[in-house]
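Structure first, then comments.
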Amino acid sequence: MESSKPGRGWLLRLVIAFSFTQGAVSMARPAVSYRALALGADARAVGVIAGVYALLPLFAAVPLGRRTDHGRCAPLLPVGVALIATGCALSGTAGSLPEMAAWSGVMGLGHLSFVIGAQSIVARQSGPDEQDRNFGHFTIGASLGQLIGPIAAGLVVSEQDGAMGRTSAAALFVSAALAAFSVTSLWRIERRPDGTRATAAPAGETAARRVPVRGILTTRGVASGMFISLAVLSATDILTAYLPVVGEQRGISPAVVGVLLSLRATATVVCRLAITPMIRLMGRTVLMAVSCLGAALLCTGIALPVPAWALGVLLAGLGFCLGVGQPLSMTTVVQAAPEGARSTALALRLTGNRLGQVAAPASAGVLAGLVGTAAPFVMLGGLLLISAAIAVRPLRERSAADPAADPAGGPPVPGKRHTEGSSAAPGTGRPPG
């Protein structure tokens, strides 16, 4: 894996571009929900449309990852931007729910293309000791977009005097322009290999072809990282799609809903800025387990009929807890994956995410239709509780295998061969935590 010794200007530009693309998607997702409601959708239909967003990416992730393992990553970024902008703009002109679903799928495919390329660049250009930090900073771009997007959607969308259809379409056009603007930061993101790396590329290509998908999935650490990532992203996704429905039922205006979603994103940014010291203090395993447990409790609390200010407190705490899962699951998967198949492993992680984005909103839509809009948040609480149990399992295994192991999973103890927070050797398939 390559080191980023020439500097991290590439990472800053990548974060800026990711902020704009994620801002566009985060503005478009609630706008799609509002436009679907204006076209006559119920809670179940909103869930189906939210699920279609992830349907095309579900089939495209692994082929894109295979291509990226033995090729350049940067070309996927402008392709992703073009698809996001197209999906947003044409969602604004759609006149039926099937059209809304189709263009939502195009938007999701664009987001997947951008994220696979971007994550692969971070993995390829970061040393093992830089991955937690660099992935944490990279995901700040997502959090900034999730902060700005919902506020912008809330400011543009208005339900007064039957204007929701027109104003939600305007929000989708603005999100398309926001996505297109991200290309201004997509320069010199990926360093071209020198002669030494160029001669080494075929070996990586051969390894990528040699490692089957099943072999990657059965590597220790990959499946658990995928599930935790799926649960965390499903929580974020359902919050984005269903908080507008909850707000409408509880009499909370779209502008306030936008502020609440952005409050969650702000807390996530704060979490990711502090992720390195938190890992040093608690260890990766304990931090992951505690954050999933806290998120489970807070998600269940959203189901209660609390006022808007209490909902804001719950969402702020939830945003902080959810901020841990994505960057740490990226590091876990990258360090666990076999050498030469790390982009494919990241793509498999994204496939799991998209599977969750298909299944979770669809299940949430069914539950909301049968029981009410509080039910999806209880479902998410259960999913995150399972993630907490999975996250803490490596700590239990380590304690059983080595009675002298540090039970907190914290800083290294002298004389121990493997400690929490240490970096796995490339290709060992033994990630920390």
Inspect region 227-244 for any residue being touching a helix residue (DSSP H, G or I) at 6+ places or on another chain (Cβ under 7 Å) and part of a loop (DSSP other than H, G, I, E, B) and give the result as yes or no.
no
Conditions (1) farther than 30 Å from TYR34 by Cβ; (2) open to solvent by 10 Å² or more (accessible area, probe 1.4 Å) -> GLN131 fails only (2)
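If you go through region 302-314, how many residues are touching a Leu at 6+ places or on another chain (Cβ under 8 Å), in contact (Cβ under 8 Å) with a residue 24 or more places away in the chain and buried (at least 17 other Cβ atoms within 10 Å of the Cβ)? Before you say what the answer is, go through the steps one by one.
So in region 302-314, the residues touching a Leu at 6+ places or on another chain (Cβ under 8 Å) come out as 302, 306, 308, 311-312, 314.
Okay, now just the ones that are also in contact (Cβ under 8 Å) with a residue 24 or more places away in the chain, so 302, 308, 311-312.
Those still in the list that are buried (at least 17 other Cβ atoms within 10 Å of the Cβ) too: 302, 311.
Counting residues in region 302-314 that are touching a Leu at 6+ places or on another chain (Cβ under 8 Å), in contact (Cβ under 8 Å) with a residue 24 or more places away in the chain and buried (at least 17 other Cβ atoms within 10 Å of the Cβ) gives 2.
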For ALA31, work out the one condition from (1) open to solvent by less than 40 Å² (accessible area, probe 1.4 Å); (2) in contact with a Pro (Cβ under 8 Å, 6 or more places away or on another chain) it doesn't fulfil.
(2)
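Here are some residues: LEU350, LEU395, LEU383. Which one is surrounded by 16 or more Cβ atoms within 10 Å (Cβ to Cβ), farther than 24 Å from LEU297 by Cβ, among the hydrophobic types (A, V, I, L, M, F, W, C) and at pLDDT 50 or above? Lay out the reasoning, then the answer.
On the way: LEU395 fails: farther than 24 Å from LEU297 by Cβ; LEU383 fails: farther than 24 Å from LEU297 by Cβ.
Being surrounded by 16 or more Cβ atoms within 10 Å (Cβ to Cβ), farther than 24 Å from LEU297 by Cβ, among the hydrophobic types (A, V, I, L, M, F, W, C) and at pLDDT 50 or above holds for just one of LEU350, LEU395, LEU383, which is LEU350.
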Out of curiosity, is VAL378 at pLDDT below 75, touching a helix residue (DSSP H, G or I) at 6+ places or on another chain (Cβ under 7 Å) and open to solvent by 10 Å² or more (accessible area, probe 1.4 Å)?
no
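Conditions (1) open to solvent by 30 Å² or more (accessible area, probe 1.4 Å); (2) closer than 13 Å to ALA308 by Cα; (3) at pLDDT below 85, marked per residue:
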position	(1), (2), (3)
SER234	no, no, yes
THR240	no, no, yes
PRO244	no, yes, yes
VAL256	yes, yes, no
VAL269	no, no, no
ARG272	no, no, no
Report yes if GLY317 is more than 20 Å from ILE216 (Cα to Cα), in contact with a helix residue (DSSP H, G or I) (Cβ under 8 Å, 6 or more places away or on another chain), open to solvent by 10 Å² or more (accessible area, probe 1.4 Å) and among the small types (Gly, Ala, Ser), otherwise no.
yes
Output the residues belonging to region 150-189 that are open to solvent by 20 Å² or more (accessible area, probe 1.4 Å), under 30 Å from ARG72 (Cβ atoms) and either modelled with pLDDT of 90 or more or of a type in the set (A, V, I, L, M, F, W, C) (or both).
ALA177, LEU178, ALA180, PHE181, VAL183, THR184, LEU186, TRP187
Return the total of residues in region 298-316 being in contact with a Cys (Cβ under 9 Å, 6 or more places away or on another chain) and more than 19 Å from ALA388 (Cβ to Cβ).
0
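So if I check each of GLY323, GLY410, which one is modelled with pLDDT of 75 or more and of a type in the set (Gly, Ala, Ser)?
Details: GLY410 fails: modelled with pLDDT of 75 or more.
Testing whether each residue is modelled with pLDDT of 75 or more and of a type in the set (Gly, Ala, Ser) leaves just GLY323.
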Looking at the structure I just gave you, is VAL115 open to solvent by less than 10 Å² (accessible area, probe 1.4 Å) and of a type in the set (Val, Ile, Thr)?
yes
Working only within region 74-111, note down all residues that are touching a Pro at 6+ places or on another chain (Cβ under 9 Å) and surrounded by fewer than 23 Cβ atoms within 10 Å (Cβ to Cβ).
GLY105
How many residues are open to solvent by less than 10 Å² (accessible area, probe 1.4 Å) and under 17 Å from ARG67 (Cα atoms) when one looks only at region 118-128?
6
Could you give every pair whose Cβ atoms fall below 7 Å, whose first residue belongs to region 235-251 and is under 15 Å from ALA303 (Cα atoms), and whose second residue is among the polar types (S, T, N, Q) and outside any helix (DSSP H, G or I), counting only separations of at least 6 or pairs across chains?
TYR242/THR373; VAL245/THR373; VAL246/THR373; GLN249/THR373
Extreme residue, farthest from MET107 (Cα to Cα), among residues of region 44-68 that are of a type in the set (Gly, Ala, Ser) and surrounded by fewer than 24 Cβ atoms within 10 Å (Cβ to Cβ)
ALA45
Would you please list the contacts, defined by Cβ atoms under 8 Å and residues six or more apart or on different chains, that run from a residue in region 358-372 that is closer than 7 Å to GLY47 by Cβ to a residue that is of a type in the set (Lys, Arg)?
GLY365/ARG44; ALA368/ARG44
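The values are calculated or read from the model by the stated rules, or taken from the named source; none is laboratory data. Not measured: the values here are computed from a predicted model. Note that we place each Cβ from the backbone using ideal geometry, even for glycine, and neighbour counts take in every protein chain shown. Please note that ligands, DNA and RNA were not included when accessible areas were found on the heavy atoms of the full protein model with its side chains. Shrake-Rupley method; radii C 1.70, N 1.55, O 1.52, S 1.80 Å.
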